[in-house]
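Reading through the structure tokens given below for one structure.
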């Protein structure tokens, strides 16, 4: 992992890491996504399959394309990294942490998600860009109106990490060429 410094001061601290997963783990994770097909209802916006682990390492649920056996060792390696990031960004939230939610999100071409802060149950949000090689990243804003827009550029295996606050306005979009697949790892307070 390599920490990247971006020339943008957001409303709250954030971390950007390149080469977040080791190559073998990243290859496994890229198999966890579902494909958008004719049966996909575009009103749903984004196709998400999930897996979650308690902080003790027990699988809470899994409907991803990866097996629990494949994800459990990766979760065991990365849970401490996520909890250390939470300690770094929002130490007052660490005692609320109960589980890690793995969201394998496939976004259709040309989709734009609305500007939003995360829900209160998300103590730490981590988005890892997975597939394709080129797409649009995550956009950070200083307010709900979309002022001071900044893109954390897309690069496979790049992670953007932040802790939710009232003013952590962000969104994401997908280009017109490819679906966008990103793994969203959330440290959560409740299921």
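The values are calculated or read from the model by the stated rules, or taken from the named source; none is laboratory data. Source: prediction; values computed, not measured. Every residue, glycine among them, receives a Cβ derived from its backbone with ideal geometry; neighbour counts consider all protein chains shown.
One residue alone among 190, 85 is assigned to a loop (DSSP other than H, G, I, E, B) and under 19 Å from residue 54 (Cα atoms), and that residue is 190.
Residues that are modelled with pLDDT under 90 and closer than 18 Å to residue 182 by Cα number at least 3 in the following strands (runs of 3 or more DSSP E) confined to segment 1-74: 47-54. Within the group 5, 27, which residue is exposed (fewer than 14 other Cβ atoms within 10 Å of the Cβ), touching a strand residue (DSSP E or B) at 6+ places or on another chain (Cβ under 9 Å) and without any contact (Cβ under 8 Å) to a residue 60 or more places away in the chain? Going through 5, 27 in turn, the sole match is 5.
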